[in-house]
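This report refers to the structure that appears directly beneath it.
The values are calculated or read from the model by the stated rules, or taken from the named source; none is laboratory data. Since we're looking at a predicted model, the values are computed, not measured. When we count neighbours, we look across all protein chains shown, and the Cβ atoms used for this are built from the backbone with ideal geometry, even at glycine. For accessibility, only protein heavy atoms count, side chains too; no ligands or nucleic acids. Shrake-Rupley method; radii C 1.70, N 1.55, O 1.52, S 1.80 Å.
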Amino acid sequence: MRFMMLMIPKGYEKAAPGAMPDAKVIAAMMKYNEELQKAGVLLALEGLHPPSMGARVSFPGGKPKVTDGPFAEAKEVLGGYWMIQVKSREEAIEWAKRCPASENETIEIRQVQELSDFPAENLPPQLGAREQQLRDELEGKAAKR
């Protein structure tokens, strides 16, 4: 089972462009990331720049509208994520509990939807095959890097 662990740091929605965590925080997080890697559960991870450097595309009336960050209505924003592969939701929770997060941070855990999760009426075989082909191609490209 794949799970995404989403880091939600309080106050990050107001962070200035280019804001970075201090060296001690980075070192502690790197140690945690290495533990995930050594355990063989880590698939991917990335930190994200503050929303002040981002943009949102919404679709009022079906037409794209771009809003540059920061976003006034944002209460919680993502600071980064880990993609892990574990045997259960409980194991994902245990990994999240080991994160060296501060009291101002929350980790949301969400299971990734696998093709096998979709009933045939929502994902007919021909669409499932196309989706799998796309995933295989992406995995092949990543392996070549």
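Selection of the range 40-56 for residues being surrounded by fewer than 14 Cβ atoms within 10 Å (Cβ to Cβ) and free of Cβ contacts under 8 Å to residues at least 24 places away in the same chain yields Gly40, Ala55, Arg56.
Tell me whether the range 66-84 contains one or more residues that are modelled with pLDDT of 95 or more, open to solvent by 60 Å² or more (accessible area, probe 1.4 Å) and touching a Ser or Thr at 6+ places or on another chain (Cβ under 9 Å). Yes: one or more hits. Exactly one residue out of Gln126, Gln132, Gln111 is over 14 Å from Leu6 (Cα atoms) and touching a helix residue (DSSP H, G or I) at 6+ places or on another chain (Cβ under 7 Å), and it is Gln132.
Among the residues of the range 22-39, just one is open to solvent by 70 Å² or more (accessible area, probe 1.4 Å) and assigned to a loop (DSSP other than H, G, I, E, B), namely Asp22. Pick from the range 3-12 the residues that are open to solvent by less than 60 Å² (accessible area, probe 1.4 Å) and either hydrophobic (A, V, I, L, M, F, W, C) or under 25 Å from Ile84 (Cβ atoms) (or both): which of them is farthest from the chain's Cα centre (by Cα)? Among those that are open to solvent by less than 60 Å² (accessible area, probe 1.4 Å) and either hydrophobic (A, V, I, L, M, F, W, C) or under 25 Å from Ile84 (Cβ atoms) (or both), it is Tyr12.
Yes/no per residue for (1) of a type in the set (Lys, Arg); (2) over 19 Å from Ala101 (Cα atoms); (3) in contact with a strand residue (DSSP E or B) (Cβ under 7 Å, 6 or more places away or on another chain):
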| site | (1), (2), (3) |
| --- | --- |
| Ala16 | no, yes, no |
| Pro21 | no, no, no |
| Lys31 | yes, no, no |
| Ala39 | no, yes, no |
| Leu42 | no, no, yes |
| Glu46 | no, no, yes |
| Pro60 | no, yes, no |
| Lys65 | yes, yes, yes |
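Among strands (runs of 3 or more DSSP E) entirely within the range 57-142, having at least 2 residues that are of a type outside the set (S, T, N, Q) and in contact (Cβ under 8 Å) with a residue 60 or more places away in the chain singles out 80-85, 105-111.
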